[in-house]
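What follows draws every value from the coordinates through simple rules; no lab data is involved. Since the model is a prediction, treat every value here as computed from it, not as a measurement. With ideal geometry, Cβ positions are generated from the backbone for all residues, glycine too; neighbour counts draw on all protein chains shown.
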Amino acid sequence: MKNNINPKSYTLTKYLLTISMLSFYLLCFLMVVVSIKTKQANLGEWWTNNYLKVGFILQVMGMLFGIIYFLIRYRLHKRSEYKYNKKESYFVITYLCSFILLIVFCFLLLLVMKYAIVSYFVLTFIFIIFVFILGITISVLETISRLKEQALVNKVWFENNKGKKTQHEIKEEKKAQELLEKNDNPFMEEKND
């Protein structure tokens, strides 16, 4: 590995995928509220006019954070020079396809109310079940596919930084040394000669 990658990069990029998934789950929650209110026939005027706009914003946020995550993840993978084995390659392809399928299901979830009002309530829950199953699948497969790569990056990072101390550690050591050198410890009994 030519470039030294901080292992925290993998953890921080995982938050992008988490935010992406939360956007899709919020979209599902919005559609559940809209479908229940529509079935009860007390959907407010604001919701009637704007639920598609809010849903579209959540959809775009989920897609945007997901795409940013995949681009950063691809860059980290290239920098680490790790080669996926056949099983890990299948995991990566599967979770990428699952992400695309998740986007399609959420898009259909947004459009189904306009075209299938009678069966909207049932279709909403069917789509939401698929969205949650795909979300869990994406998270699990993504984690499994990066385990060995992240272990390699951790190993190289800690080998390269084994003898190096941070500025904070150096300051703490100086403070501790100064405290040890001082002789005015209030807890020590004074010797009276």
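Worth a mention:
- Helical contribution to [θ] at 222 nm, DSSP H n ≥ 4, -39,500 (n - 2.57), averaged over the chain, rounded to 500: -29000 deg cm²/dmol
- Altogether, the Stokes-Einstein calculation at 4 °C and 1.567 mPa s, with the Kirkwood radius of region 57-137 over Cα pairs as Rh, returns a diffusion coefficient of 90 µm²/s.
- Nearest-20 debye value, the chain charge dipole, Cβ charges on Lys, Arg, Asp, Glu: 1080 debye
- Model label sites at residue 67 and residue 176, defined 7 Å from Cα along the beta-carbon direction, differ in position by 5.0 nm.
- Percent RCO, i.e. relative contact order, over the chain, from Cα pairs under 8 Å lying at least 6 residues apart: 32 percent
- Computed from the alpha carbon positions, the gyration tensor of region 8-162 leads to an equivalent ellipsoid with semi-axes of 38, 15, 11 Å, biggest first.
- Neighbour cut-off at most 16 other Cβ (10 Å), DSSP loop, chymotrypsin sites (Phe, Trp or Tyr not before Pro), region 1-105: 84
- The alpha-carbon atoms of region 35-94, seen along their principal axes, cover 56, 20, 9 angstrom, with the largest extent given first.
- 10 Å Cβ shell holding at most 16 others, DSSP loop, GluC sites (Glu not before Pro): longest site-free stretch of the chain: 82-188
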